[in-house]
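In what follows, a structure is listed as structure tokens, so that the remarks can point back to it.
The values are calculated or read from the model by the stated rules, or taken from the named source; none is laboratory data. Keep in mind that what you see is a predicted model, and the values were worked out from it rather than measured. Cβ coordinates were reconstructed from backbone atoms using ideal geometry, including for glycine residues, and neighbour counts include every protein chain displayed. The area values use the complete protein model at the heavy-atom level, side chains included, leaving out ligands, DNA and RNA. Shrake-Rupley method; radii C 1.70, N 1.55, O 1.52, S 1.80 Å.
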Amino acid sequence: MIGAILGDIIGSPYEFDRGNKSKDFPLFSRESTYTDDSVMTMAVGKAFLDAPPDAGDEVMRRLLAECMRAFGKMFPYAGYGGMFRRWLWTPECPAYNSFGNGSAMRVSSVAWLYDDMDAVRHAARLSAEVTHNHPEGIKGAEAVAAAIFMARTGSSKAEIKAYVEQEFGYELNRTCDEIRPGYHHNETCMGTVPEAVTAFLEGDSFEDVIRTAVSLGGDCDTLTAIAGSMAEGFYGVPRELKEECYHRLPEPLLAVLREFEKRI
């Protein structure tokens, strides 16, 4: 999960195409901060950490909604989209058929908390359906969780690529050099998840995946959070980057991260 948080923090200054589409940039600056991506990643993680072992789907959806609303209200200025903000502050508001990339950026914890693909994909689906119940929103969450699970359990990048293409139908044959020139801000799963997977596939270390993702531009914090979550599963995260992450998180978010790390 820390890979997603680091991706969010490192990508945050370059969101809305504010970068120069280069891999040459400082990893951290004064503007490097957590956003709604990290807050909701922690909220989803906390819901699954607190869930009773026998929690059914309806119980899990309720826990997810409660945690997401609680963390959203704890950090009200983290940069939420308009539809999600309305859902956040309206307890009776149902899921709103979103296919935004929010479902994919917040899902990483489930790939570590469950030990078989069916359970991982089911948990990913539940985490999306609370708000992003459009088929593309669900697909984005499942694809990212599946890729992280395969990465952390020893699959090769070729195997991960083949699975994501076959199971989810994403086009992964473009290179980052082909994507980069014409790629701009896109907040959909369809316009973010394939690019994030491609950045992960091309990177040769955790840091290189992060730099590659940022270099694509677009919705940079979210794209890099997704790519970073996969890179963590495949490469692990260097200790110095973990420490930097810990220093940049407020206590409520850090407490969830510590609890998560202890559990796994």
Checking Phe84 against (1) free of Cβ contacts under 8 Å to residues at least 12 places away in the same chain; (2) closer than 23 Å to Met1 by Cβ: exactly one of these is not met. Which one?
(1)
Could you list, in sequence order, all residues of segment 195-221 that are small (Gly, Ala, Ser) and open to solvent by 10 Å² or more (accessible area, probe 1.4 Å)?
Ser205
Which one of these is under 23 Å from Ala124 (Cα atoms) and either crowded, with 21+ Cβ neighbours inside 10 Å or touching a Lys or Arg at 6+ places or on another chain (Cβ under 6 Å) (or both): Ser98, Ser12?
Ser98
Report yes if Met105 is open to solvent by less than 10 Å² (accessible area, probe 1.4 Å) and under 26 Å from Phe200 (Cα atoms), otherwise no.
no
Scan segment 130-184 residue by residue and report those that are closer than 29 Å to Asn20 by Cα, modelled with pLDDT of 95 or more, open to solvent by 60 Å² or more (accessible area, probe 1.4 Å) and in contact with a helix residue (DSSP H, G or I) (Cβ under 8 Å, 6 or more places away or on another chain).
Arg174
In segment 98-126, what residues are without any contact (Cβ under 8 Å) to a residue 40 or more places away in the chain and either over 20 Å from Pro194 (Cα atoms) or not basic (Lys, Arg) (or both)?
Ser98, Tyr114, Asp115, Asp116, Met117, Asp118, Ala119, Val120, His122, Ala124
Is there a residue being open to solvent by 30 Å² or more (accessible area, probe 1.4 Å), outside any helix (DSSP H, G or I) and not small (Gly, Ala, Ser) anywhere in segment 55-66?
no
Pairs, please: C-beta under 8 Å, at least 6 apart or cross-chain, first residue touching a residue at least 60 places away in the same chain (Cβ under 8 Å) and in segment 167-182, second in a helix (DSSP H, G or I) and open to solvent by less than 60 Å² (accessible area, probe 1.4 Å)?
Arg180/Ser215; Arg180/Leu216
So for segment 153-172 (the condition being closer than 30 Å to Pro94 by Cβ, part of a helix (DSSP H, G or I) and of a type outside the set (Val, Ile, Thr)), does at least one residue qualify?
yes
Which of (1) within 12 Å of the chain's Cα centre (by Cα); (2) open to solvent by 50 Å² or more (accessible area, probe 1.4 Å) is the odd one out, the single condition Asp116 does not satisfy?
(1)
Does Gly7 fit the bill of being open to solvent by less than 10 Å² (accessible area, probe 1.4 Å), free of Cβ contacts under 8 Å to residues at least 60 places away in the same chain and either within 23 Å of Gly140 (Cβ to Cβ) or of a type in the set (Phe, Trp, Tyr) (or both)?
no
Among the residues of segment 209-226, is any modelled with pLDDT under 95, over 19 Å from Ala151 (Cβ atoms), in contact with an Asp or Glu (Cβ under 6 Å, 6 or more places away or on another chain) and assigned to a helix (DSSP H, G or I)?
yes
Looking at segment 99-107, is at least one residue over 18 Å from the mean Cα position of the chain (by Cα) and not basic (Lys, Arg)?
no
Consider Glu187 carefully, then state whether it is closer than 18 Å to Asp8 by Cα, among the charged types (D, E, K, R), in contact with a strand residue (DSSP E or B) (Cβ under 8 Å, 6 or more places away or on another chain) and open to solvent by 10 Å² or more (accessible area, probe 1.4 Å).
yes
Taking only pairs six or more apart or across chains, which ones have beta-carbon atoms under 8 Å, a first residue in segment 48-70 that is of a type in the set (Lys, Arg), and a second residue that is part of a loop (DSSP other than H, G, I, E, B) and surrounded by 17 or more Cβ atoms within 10 Å (Cβ to Cβ)?
Arg61/Val130
